[in-house]
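Report on the structure given below.
Every number here is computed from the coordinates shown, using simple stated rules; none is lab data. Bear in mind that the values here come from a model prediction, so they are computed numbers and not experimental data. Ideal geometry is used to build each Cβ from the backbone, glycine not excepted, and the neighbour counts take in all protein chains shown.
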Amino acid sequence: MNKSGLIEALSKKLNLTEKKAIDVVNLVFKGFTDELKNGGRIEIRGFGSFVVKEYGSYTGRNPKTGTKIKVEP
């Protein structure tokens, strides 16, 4: 499911206009984004948790060519 699918499902399930469903989804995503930007953690029991992790650069591979590449943080 993507964002538009979530909006459509909310609209149908809760009998909301598309505009109101868009507002709800945007409000939730903004709350998540703000929390993560401030170094917080989001936990939704039964679904998952989200946290921003900092990491250094590493050597990866281009999946199409197999060429080694440096991946920057």
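General remarks:
- Sequence-distant lysines (8 or more away, or on other chains) whose Cα lies within less than 23 Å of residue 20: 3, 12, 30
- Unit charges at the beta carbon, dipole of the stretch 3-71: most positive-side option, 6, 56, 22: 56
- Nearest 10 degrees, 0 to 90: helix 18-37 Cα axis against the chain principal axis: 40
- Computed over the stretch 13-73, Cα set: Rg, Dmax in Å: 18.2, 51
- Computed label-point distance, nm, for sites residue 54 and residue 13 using a 7 Å Cα→Cβ extension: 3.7
- Placing unit charges on the Cβ atoms only, positive for Lys and Arg and negative for Asp and Glu, gives the chain a dipole magnitude near 280 debye about its Cα centre.
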